[in-house]
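The values are calculated or read from the model by the stated rules, or taken from the named source; none is laboratory data. Not measured: the values here are computed from a predicted model. As a convention, Cβ positions derive from the backbone with ideal geometry for all residues, glycine included, and neighbour counts pool all protein chains shown. Heavy atoms of the whole protein, side chains included, go into the accessibility calculation; ligands, DNA and RNA do not. Shrake-Rupley method; radii C 1.70, N 1.55, O 1.52, S 1.80 Å.
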Amino acid sequence: AERSPLALSDCYWFFGPLVLMVELNMMSKSVIHAFLARSDNPSTALAAFNAAFTFYFAITAASEVTTALCLSFMKSRADSLRLSGFAAVVLALPIAIALAVAFTPAGGIVFGGWFGLGAQAQAEASASVGLLVISAPFLIVRANAFALLMMARRTIIMTLSTLVRLLSLTVSLALLPIWLQGAAIGAAALVSCMACESVFSWAFAWPHLR
């Protein structure tokens, strides 16, 4: 069947929600910073969280291109599973490094020697990296969901997913201090909100997977 010509309005409706999504997404870290700045030991918590965040997402940067990978190759349900498996294999080594930093003396080398943190901040940063590792499967799910939503031109769902992320982040930051302290609160809240974002986006994306 002959396709109708591309209209400029189609581009706006596709692109506009993506811009808003990026703007909202950038707020996540600022919200965490604002919360940690009011903790009992703000300088240690902020230093530890930022060091853990920078280290973890630097070594797992490949997860950020998974959406582009899915956009290029996803045609069926089987493709989604294969692409998820490929992303898991690519992330296996970075995750192994992150786990070593979180649970072995390597954490002292990274956060003490490289980042120059004190003993307490090193411990909090290592614990935070251990928590951030949990985000890996959710990032893969989100990449699949976002690719499907973009192919279906349902980018407004991606914006709504980011709103869900921010709302769940606020709730997490309010509840997690019951069980956690310092930088670990920020890391766990970030993982929690990414999980909520991924589940929400996938709930709307999976019907488009044939």
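The mean of 1/r over all pairs of different alpha-carbon atoms in the chain, once inverted, gives a Kirkwood hydrodynamic radius of 18.2 Å.
Seen from a random direction on average, the alpha-carbon convex hull of region 11-96 projects onto 7.8 square nanometres.
The Rg/Rh ratio of region 85-210, with both radii computed over alpha carbons and Rh defined as the Kirkwood radius, is 1.06. Rolling a 1.4 Å probe across the protein heavy atoms gives the chain an accessible surface of 52 Å² per residue. The label-point distance for Asp79 and Leu99, in a model that sets each label 7 Å from Cα toward Cβ, rounds to 3.1 nm.
Between Ala119 and Ala68, the FRET efficiency estimated from the beta carbon spacing at R0 = 45 angstrom works out to 0.65.
Build a GNM of the chain with springs between Cα atoms under 10 Å apart, and of Thr54, Thr67, Thr155 the one that fluctuates most is Thr54. Neighbours of Ser28 by Cβ distance under 10 Å: Lys/Arg scored +1, Asp/Glu scored -1, total +1.
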